[in-house]
Amino acid sequence: MIRIAYIAWRGGRPRFTPGPNVRALGFTSEDLRHGGGAWFTPDEAQAWSADVAQRIEQARGAAGIIIGLPAAMQRPLGATSNAKSEGGYIYFLRSAGWIKIGYARDPLRRCRELLVGLADGIDAFAFVRGQRAEERAAHRLLHAHRRRGEWFAATQDVLLLIHRSIARGSIALPRETRDEVSRRETSASIENETEREQAVGADEDLLVGAPGLEPGTR
C-alpha cells in the first residue's frame with residue numbers, strides 16, 4: 001500500500017484529502033492529475049505532497065495557528081514567536097468541546113496562562129489579527145451559542161467563523177457586523193475628542209485670574 005502524507009489512493013488514483021484543520025486554512029480536496037487527464041505517478045504524488053506540506057506550514061504561520069499542544073507551545077511556529085510586538089489578536093481556544101474566543105496582545109502567553117487552569121488541557125489553539133471591538137462583535141454575533149463568559153459551544157456557526165477567520169488571517173465578521181464595529185469606533189472617537197475638549201476648557205477656566213497666566217497659556 002502506498003502511503004504519502006495528505007494523499008489517499010483509490011484504485012491507484014491519488015487524491016489530496018486534507019483533514020479539518022488543513023481545510024480550515026483554505027485547502028480543498030482535489031484529484032492529482034495532469035492537464036491532459038493522466039494521473040500522477042507515485043513519485044509525482046510524493047513530490048506534490050512535499051510541496052503542499054510546505055504551503056500548509058506557511059499558511060499555519062500566516063494565520064497564527066498552533067495544533068498539537070502542548071508540544072507546539074514549546075516551539076511556536078515561526079510567525080507566532082513575535083506575536084506580542086505585532087499588535088492585538090483574537091484567539092480561539094478549544095478545550096473539552098467548548099471554545100473560548102478572547103482578545104490578547106500576547107496570545108501565546110495568554111494560552112500558557114489558560115493551560116495552567118484547564119483541567120482538560122487544550123485541544124487546539126489559533127489566533128488572528130484583530131481588535132477588542134471585533135472580539136466583542138464576535139461575541140454578540142455568536143450570542144445564541146454562548147455557554148459562559150467567553151466560552152461557546154462548538155456548533156457549526158462557531159466553527160465556521162473560526163475556519164473562515166483562520167483562512168483569511170483576520171476575524172471573519174459579516175459586512176453588517178463590521179459596519180457596526182466601525183460606527184461604534186467612530187462614536188467612541190468622537191466622545192473621547194469631546195471629553196478632551198471639555199477638559200481643556202475646564203483647565204483654561206481654572207487659569208483665569210491666576211497670577212502671571214493668561215487663558216490658553218501652556
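Numerical summary
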{"quantity": "Residue 65 of a type in the set (Val, Ile, Thr) and at pLDDT 90 or above", "calculated": "no"}
{"quantity": "Whichever residue in region 131-159 is farther than 16 Å from residue 95 by Cβ and of a type in the set (Gly, Ala, Ser) and, among such residues, is surrounded by the most Cβ atoms within 10 Å (Cβ to Cβ)", "calculated": "138"}
{"quantity": "Test: residue in region 144-154 that is in a helix (DSSP H, G or I) and at negative phi", "calculated": "yes"}
{"quantity": "First in region 171-183 and under 18 Å from residue 91 (Cα atoms), second anywhere and of a type in the set (S, T, N, Q), Cβ under 8 Å, 6 or more apart", "calculated": "171/165; 172/165"}
{"quantity": "Some residue of region 89-96 being within 25 Å of residue 59 (Cα to Cα), of a type outside the set (Asp, Glu) and surrounded by fewer than 17 Cβ atoms within 10 Å (Cβ to Cβ)", "calculated": "no"}
{"quantity": "Residues satisfying the stated conditions in region 4-22, i.e. among the charged types (D, E, K, R) and touching an Asp or Glu at 6+ places or on another chain (Cβ under 9 Å)", "calculated": "13, 15"}
{"quantity": "Subset of region 106-141 (residues that are outside any loop (DSSP other than H, G, I, E, B) and of a type in the set (Asp, Glu))", "calculated": "113, 134, 135"}
{"quantity": "Restricting region 1-54 to residues that are hydroxyl-bearing (Ser, Thr, Tyr) and assigned to a loop (DSSP other than H, G, I, E, B), the residue that is nearest to residue 160 (Cα to Cα)", "calculated": "28"}
{"quantity": "Residue selected from region 4-51 under the condition of a type in the set (Val, Ile, Thr) and closer than 22 Å to residue 159 by Cβ, by the criterion surrounded by the fewest Cβ atoms within 10 Å (Cβ to Cβ)", "calculated": "28"}
{"quantity": "Number of the exception - residue 90 against (1) within 30 Å of residue 116 (Cα to Cα); (2) hydrophobic (A, V, I, L, M, F, W, C); (3) modelled with pLDDT under 90", "calculated": "(3)"}
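The values are calculated or read from the model by the stated rules, or taken from the named source; none is laboratory data. Note that the structure is predicted; figures quoted are calculated from it, not measured. Methodologically, a virtual Cβ is constructed for each residue, glycine included, from the backbone with ideal geometry; neighbour enumeration extends over all protein chains shown.
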